1. Looking at the stretch 299-309 only, could you name the residues that are away from the ligand (no atom under 15 Å from the Cβ), under 14 Å from Gln276 (Cα atoms) and small (Gly, Ala, Ser)?
2. Look through Val254, Val275 and report the one residue that is surrounded by 15 or more Cβ atoms within 10 Å (Cβ to Cβ) and within 15 Å of the ligand (Cβ to nearest atom).
3. If I ask for residues that are part of a helix (DSSP H, G or I) and in contact (Cβ under 8 Å) with a residue 24 or more places away in the chain, which ones from the stretch 279-309 would you list?
4. Which residues, taken from the stretch 310-328, are farther than 17 Å from Thr294 by Cα, within 12 Å of the ligand (Cβ to nearest atom) and among the aliphatic types (A, V, I, L, M)?
5. Give me the residue from the stretch 430-460 that is more than 17 Å from His97 (Cα to Cα) and without any contact (Cβ under 8 Å) to a residue 40 or more places away in the chain and, out of that set, nearest to the chain's Cα centre (by Cα).
6. Taking the condition outside the structural domain of Ile100 (by TED's automatic domain parsing), touching a strand residue (DSSP E or B) at 6+ places or on another chain (Cβ under 8 Å) and surrounded by fewer than 24 Cβ atoms within 10 Å (Cβ to Cβ), does Ser206 pass?
7. Can you find a residue that is within 25 Å of Glu176 (Cα to Cα), of a type in the set (Phe, Trp, Tyr) and within 15 Å of the ligand (Cβ to nearest atom) anywhere in the stretch 344-359?
8. Go through the residues of the stretch 388-398 one by one and say whether even a single one is under 17 Å from the mean Cα position of the chain (by Cα) and touching a residue at least 24 places away in the same chain (Cβ under 8 Å).
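The values are calculated or read from the model by the stated rules, or taken from the named source; none is laboratory data. Bear in mind the structure is a predicted one, so any value in this text is a computation, not a measurement. Every residue, glycine among them, receives a Cβ derived from its backbone with ideal geometry; neighbour counts consider all protein chains shown.
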Amino acid sequence: MESAPLYRQVAGHYRRAIESGTLAAGDRMPSVRALMALHSVSLSTALQACRQLESDGLLEARPRSGYFVAAPLRSPLAALAEPAAALPDPAQYVGIHQRISGLLARGQHQHVHTNLGGAYCAPSLYPTEALRSAATRALRRHPMLFGEAVEPEGYQPLRSALARQALRARVQLAPEEIVITNGCTEALNLALRAVAGPGDVIAVESPTYYGLLQILESLGMRALEIPCSPQTGISLEALELAAQHYDNIRAVAVVPNLQNPLGCIMPDAHKARLVQWCEARGIALIEDDCFSATADSDAPPAAAKAWDGSGNVIHCASLHKVLAPGMRLGWIAAGKWQARVEMLKFGLSRPNEMLSQMAAADFLASGAHDRHLRRLRTRLCAQREWFAQAIAASFPAGTRLGSPRGGMHLWVELPAQISSEAVFDQALQAGIRVMPGVMFSNAGRFDHCLRVNCGTPRSAQIERALGTLAAIVQRLAG
Ligand SMILES: Cc1ncc(COP(=O)(O)O)c(C=O)c1O
């Protein structure tokens, strides 16, 4: 007679089925209800068995779809390594703007048939039809819209809808605390201008989103690269060390949820510590929260702003990645810098135009928004898996791969001798755009990495493009 707890017996049954190949990668597990009936167990036992298999890496949960057998895709590829030293990594940003802008321009001027370089998804993943209808309704209701002045801090119903949405990330905001911006890019610009000036040091993750590096340089600020774990985000120990060396850190700018490019999510305890740490030192915390709605779980991860007791956290976000890349809609909740941010926004660009705000507000307030996000998450999860498998099967030995728990990117670490800029150029010649690691840092440590966008559904064209990319990388590997 077996003496293991019941849930382990059930889990063992499926473990053996998976290990023997009876259940293959991608197969759907019997539903929890089916497990209850098949094994005469309770709901909690069936769930515990599935969770055990999930934590053993044998199953994966897909939002709203249940459990599936996890692909052994990562086995030929090692996971990303943790950053080596927890030391501050000072990078003077002279010239990085030109370098990044040069790469971007090269990428954008060359026509490509397959774009794996962006930070958004294929149009088919967005609710374009519903947004078009919402925009038409708004124009019908407000025929004089284009002749009227716009609302100063943004369209009130949109601010209300965003405040309701923030509740899910455990953030309490009044609509009046939110200012609508031209994407997260403007929100980040405003946040940085509010708290720092030319010459000031801003601590950033390393690697970090290249757009932030561009903004910093354009504002005459200096970035201090802090090592970032592919699992847990910015190293709090390295940040502490950095603060001991540099007394002019004005702000920490981070992406706690689904960091770009690594895809990591900071554990809540780290978010809480970071908020406290910044507050205790009088350093502003700028949180960039563009991707959290694409996290695999149905409940989005909490924002760092959720731990903000004093208004020291500036929360910047965007609808660009998750709702409509064609609308430049973002927002900022600037805490104690709100009045300054409102002034800066007015001085910089005046309020956003109304039509896209009205269409977005209409859509966010409808049940269709939740359905859209569920569908987006499910599709991204499946697409990431498929891209990861394709990369694992065709890239050279020594390649490492991140395993983000959401989002639309994979961070690929190639064997060290491969230049990501060479891959970028050769891929462009072949009609494929990818983002070279060289864009995500000024320190040269990611020159052999690539960020690959998985936001386009699987197709013969994508398969061919990944095959071409693999051949380029294999050639460069020698
Ligand atoms: C981390 C991060 N922040 C901000 C942005 C810019 O957002 P938006 O397009 O809303 O300006 C991006 C775009 O890729 C991003 O990845």
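1. Step one: filter the stretch 299-309 for residues away from the ligand (no atom under 15 Å from the Cβ), giving 299-300, 302, 305-309.
In the following step, the residues that additionally are under 14 Å from Gln276 (Cα atoms) were identified as 305-309.
Within the stretch 299-309, Ala306, Gly309 qualify.
2. On the way: Val275 fails: within 15 Å of the ligand (Cβ to nearest atom).
Answer to the check: Val254.
3. Going through the stretch 279-309, the residues part of a helix (DSSP H, G or I) turn out to be 279-281, 292-294, 304-307.
Answer for the stretch 279-309, where residues must be part of a helix (DSSP H, G or I) and in contact (Cβ under 8 Å) with a residue 24 or more places away in the chain: Glu279, Arg281, Ser292, Ala293, Thr294, Ala304, Lys305, Ala306, Trp307.
4. Here is the first cut: in the stretch 310-328, the ones farther than 17 Å from Thr294 by Cα are 310-315, 326-328.
Right, trim to within 12 Å of the ligand (Cβ to nearest atom) and you get 326-328.
Residue satisfying the conditions is Met327 alone.
5. Leu450
6. Values: outside the structural domain of Ile100 (by TED's automatic domain parsing): yes; touching a strand residue (DSSP E or B) at 6+ places or on another chain (Cβ under 8 Å): yes; surrounded by fewer than 24 Cβ atoms within 10 Å (Cβ to Cβ): no.
No: the conditions fail for Ser206.
7. Restricting attention to the stretch 344-359, the residues satisfying the condition of being within 25 Å of Glu176 (Cα to Cα) are 344-359.
From what's left, of a type in the set (Phe, Trp, Tyr): 346.
Retained after the next criterion (residues that are within 15 Å of the ligand (Cβ to nearest atom)): none.
Looking for residues that are within 25 Å of Glu176 (Cα to Cα), of a type in the set (Phe, Trp, Tyr) and within 15 Å of the ligand (Cβ to nearest atom), one finds none in the stretch 344-359, hence no.
8. Kept after step one, since they are under 17 Å from the mean Cα position of the chain (by Cα), are these residues of the stretch 388-398: 388.
Keeping just the survivors that are touching a residue at least 24 places away in the same chain (Cβ under 8 Å) gives 388.
Yes, the stretch 388-398 has at least one match.
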